[in-house]
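Presented below is the structure to which this report refers.
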Amino acid sequence: MSRKWLLTLVVSCLVTAMPGLGYAQPAPGPAPGTIVLHTERIPLAAGGFAEAERGTMYVPVNRSNTASGVLALEIYRFKANASATKGTPPVFLLHGGPSFLGLAERLARSGFYESDIVPFREIADLVVVSQRGIGPSKPTTLCDRPPALPLDAPVSPEAAAASFRQMSAACKAYWDGQGLDLRGFTVVEAAADVNDVRRALGYDTITLWGASFGSHWGMAIMRFHPGIVARAVLFGMEGPDHTYDMPSAVLGSLSRMAAAADQAPALKGMIPEGGLLKAFKTVIDRVEKAPVKVTVTNPATGRPQVVVFDAWRVRQLAMGYSGRVASRRGMQTWPADVLALYRGDFAQAALSLVAPDEGYRTASYFMLDCGSGISPAREATLNADPAVAVLGEVNLDYQAGCPIWHSNLGNEFRKNFDTSIPAVIAYGTWDVSTPQENALELAPFFKKHTLVKVVGGSHGSLGDGMRASASFRKAVMKFAQTGDMSDVPAQVDLPVIEWVVPKAK
């Protein structure tokens, strides 16, 4: 056996022992601050390849516990085109959730690189950092799914909450048993991750571009590392005290969308008296008196499946079931979904529950969000919110699970803070995930900002506006490149949605 071959074998074994297949490390991991990058070739839709740097950044699990070990974060860097202005701060793209599964799958889709990456390369370097404990981050702190609720019987909120508690307890026990210091999974630590990546890549300052949890993450960076942020583009605003959604604000967004659908010429003559939202409330009233039982064929097994719709289950359909109203595309089917239920047709709704697209949960998801938590004042308002009668408990996973995870950054963290970092802030008037009230509350604390109202905008309001208006897109990218927000408008009006017209019975 040659010495070279033996050395290769030893190195291979050490790499295998690093975080990836689990958390336990038989051999020491790389020191925090270590970054390893390699060249990645990305297939282009028109043929050929683009290049990026892809690699791993090693950061502390818990910076207040030197014995906690390291996490491995996936990093992508797309270098700016030669035509970009030299010295422009790189854009750090902060994804939402927290549930970012990484870029690999997206980059494999034809056209994604050209539509979503190239525009940034025209102005600056683009850097994408994974979220600790999630997706390509190692360890990926996966939890088992919550125990399934019976489809063939009514469901109580208490039973749903018990399911989340059981899943949370089992998941926390598992990762505690692996020796993982879950206390390090907070947005404050995630903010420090970005600072570590910035330092390792050699940047003095950066531009933040964050949506939803990414805006929450971005605001933590602006708060705890203000000197490294040149400017920020934020939308789907989730402030320090906005992790728990306020049902009345969510219902307000849904009401504005429903009012537009009520007046749509394509749906004329189909809308019940009082409008679509009243029709949905009528469905809730009906099943409270007499639950609806539907039998459909389970597409996975080919066997009959009984689904019972009581008030709790109908409330879970408030955001649609053929699509989800979090996006403009998903909104198109919402009127047809409501009208089907109003007519007593629950078949499609039943199929959506038989084969649900549940995504997945991680310990990191709960630790990050539960750590940010909710202030006593907001919690008192939430607990008295009458919109729960329509939407149900929109924060059920937090309300049930967070007491088990014991993650809490404290009420001082949940206070809004002043910042003079220049920012463009966009919000959608139909955003049901981070309603417009969030942005309107936060804006006064940004001392140098432009607030953009995207009329008819969804959770992805900034993208909605940039796709609809070339001038708006140009203005936002100019700000990201130069800091000049003078061309950014106060309002963008989106085109009328093409609602899906229900089939005649």
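Overview of values
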read-out	value
Estimated D of the range 249-306 in µm² per second, where Rh is the Kirkwood radius over Cα pairs and Stokes-Einstein applies at 25 °C, 0.890 mPa s	175 µm²/s
Loop trypsin sites (Lys or Arg not before Pro), the range 105-144 (other Cβ atoms within 10 Å of the site Cβ: 15 or fewer; DSSP)	ARG109
Relative contact order, percent, the range 216-315 [alpha-carbon distance under 8 Å, six or more residues apart]	16 percent
Within-12-Å neighbourhood charge of PHE413 [Cβ basis; K, R +1; D, E -1]	+1
Förster radius 45 Å - calculated FRET efficiency between ALA504 and ARG303, Cβ distance, rounded to 0.05	0.90
Expected-Rg normalisation [2.2 N^0.38 Å, Cα atoms] applied to the range 312-437	1.28
Longest DSSP-loop-exposure-free segment, GluC sites (Glu not before Pro), the chain, at most 16 other Cβ within 10 Å	123-272
log10 of Debye I(q)/I(0), alpha-carbon scatterers only, for the range 128-171 at 0.17, 0.28 Å⁻¹	-0.60, -0.94
Relative contact order (%) - criterion: Cα under 8 Å, at least six apart; region: the range 379-505	20 percent
Selected from LEU101, ALA169, LEU234, residue furthest toward positive end of dipole (the chain; charges at beta carbon)	LEU101
Charge tally in the Cβ shell below 12 Å around GLY218, where Lys, Arg are +1 and Asp, Glu are -1, GLY218 excluded	+1
Which of VAL432, VAL500 has the fewest Cβ neighbours within 10 Å, and the rest in rising order	VAL500, VAL432
Against the rule of thumb 2.2 N^0.38 Å, how large the Cα Rg of the range 273-365 comes out	1.14
Proximal aspartates and glutamates to LYS503, defined as alpha-carbon separation beneath 15 angstrom and excluding residues fewer than eight positions away on the same chain	ASP337, ASP345
Size of the range 376-505 as Cα extents on the principal axes (Å, biggest first)	57, 47, 23
Filter on LYS453/LYS478; LYS86/LYS448; LYS268/LYS293; LYS453/LYS474 - keep pairs with C-alpha separation over 27 Å	LYS268/LYS293
Equivalent-ellipsoid semi-axes of the range 124-250, from the Cα gyration tensor, Å, largest first	34, 20, 12
Nearest 10 degrees, 0 to 90: helix 396-405 Cα axis against the chain principal axis	40 degrees
Gain upon complete extension [GLU158, LEU37; 0.36 nm per residue less C-alpha separation]	38.7 nm
For the range 96-196, alpha-carbon Rg over 2.2 N^0.38 Å	1.46
The range 29-170: translational diffusion in µm²/s, Stokes-Einstein, Kirkwood Rh over Cα pairs, 25 °C, 0.890 mPa s	136 µm²/s
Under the Debye formula (equal points on every Cα, no solvent term), log10 I(q)/I(0) of the chain at q = 0.06, 0.07, 0.09, 0.12 Å⁻¹	-0.30, -0.41, -0.69, -1.21
Contact order relative to length of the chain, as percent, for alpha carbon pairs under 8 angstrom and 6 or more apart	16 percent
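Coordinate-derived values only; no laboratory data. If you're wondering where the values come from, they're calculated on a predicted model, not measured in any experiment. No Cβ is skipped: glycine too gets one built from the backbone with ideal geometry, and neighbour counts run over all protein chains shown.
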